[in-house]
Amino acid sequence: MSAPFHIRIARLPDDKPAILGFIMDLQRFELAIEANRRVDDEVAEEYYASLGESVTKKNGRILVAENEGGRAVGWAVTHEAENEVFVHADERIYGYISELYVAESMRGQGVGRALIAACEDWARERGLKVMMIGALTKNTRAHTIYRDSGFNDYATLLRKYLR
């Protein structure tokens, strides 16, 4: 039995409305665990433009998960990133998954893992040896999925509000 979805390269601008919806859905979800998230009318367009710039400048790719009916049910953005000079040269340029979202109705069906695998395939095609992804500390579901996909904790970014 085949999966009730498939992964493809985004078709822009056709996929833009779905992607803008995914951005807003994720912003709303993250707002519940991180109070600094914007949910104003402009944030999706601004972030979409920023991600598009990263994809263009950093040899990236936008992927879409599509259900059997042709509806977008998730997406991922991956691009090259560069580590600091103290990292071995052969690992300095790495693949980074900067965005990953799956519609609530499709969660638990392997869509996120399939998007991660497609991002990893992209990185291998580029000859990259390392892939990284980030998650909010309180997003335990994402941490579980990423670890189950073979990712390990690498660094922790600590924050302090100055008042």
Restricting the range 17-44 to residues that are closer than 17 Å to Glu99 by Cβ and among the small types (Gly, Ala, Ser), the one surrounded by the fewest Cβ atoms within 10 Å (Cβ to Cβ) turns out to be Gly21
Of all residues in the range 135-162 being more than 15 Å from the chain's Cα centre (by Cα) and of a type in the set (Phe, Trp, Tyr), which is farthest from Gln27 (Cα to Cα)?
-> Tyr154
Taking the options Ser54, Ser50, Ser2, name whichever one is assigned to a loop (DSSP other than H, G, I, E, B) and among the polar types (S, T, N, Q).
-> Ser2
By residue number, the members of the range 35-47 that are assigned to a helix (DSSP H, G or I) and either modelled with pLDDT under 95 or more than 16 Å from the chain's Cα centre (by Cα) (or both) are Val43, Glu45, Glu46
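Based on what the data block shows, is Leu51 farther than 22 Å from Asp148 by Cα, of a type in the set (A, V, I, L, M, F, W, C) and touching a strand residue (DSSP E or B) at 6+ places or on another chain (Cβ under 9 Å)?
For Leu51, the condition - farther than 22 Å from Asp148 by Cα, of a type in the set (A, V, I, L, M, F, W, C) and touching a strand residue (DSSP E or B) at 6+ places or on another chain (Cβ under 9 Å) - is met.
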Complete set of residues in the range 46-89 that are among the aromatic types (Phe, Trp, Tyr) and touching a Leu at 6+ places or on another chain (Cβ under 7 Å) = Tyr48, Trp75
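Any residue at all in the range 46-58 that is over 25 Å from Asn83 (Cβ atoms) and among the acidic types (Asp, Glu)? Walk me through how you get there before you give the answer.
Narrowing the range 46-58 to residues over 25 Å from Asn83 (Cβ atoms): 46, 48-49.
Okay, now just the ones that are also among the acidic types (Asp, Glu), so 46.
Scanning the range 46-58, I find at least one residue that is over 25 Å from Asn83 (Cβ atoms) and among the acidic types (Asp, Glu), so the answer is yes.
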Those residues of the range 49-87 that are without any contact (Cβ under 8 Å) to a residue 40 or more places away in the chain, under 17 Å from Arg113 (Cα atoms) and surrounded by fewer than 19 Cβ atoms within 10 Å (Cβ to Cβ) come to a total of 0
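Within the range 5-34, take every residue that is assigned to a loop (DSSP other than H, G, I, E, B) and of a type in the set (Gly, Ala, Ser) and give me the one that is farthest from Trp75 (Cα to Cα). First the steps, then the outcome.
Keep residues of the range 5-34 that are assigned to a loop (DSSP other than H, G, I, E, B), which gives 10-15, 32-34.
Adding the requirement that they be of a type in the set (Gly, Ala, Ser) leaves 10, 32.
Numbers: Ala10: 8, Ala32: 21 Å.
For the range 5-34, the residue satisfying everything is Ala32.
The values are calculated or read from the model by the stated rules, or taken from the named source; none is laboratory data. Fair warning: this is a prediction, and the values are worked out from it, not measured in the lab. Neighbour counts are summed over all protein chains in view; Cβ atoms, including those assigned to glycine, are modelled from backbone coordinates with ideal geometry.
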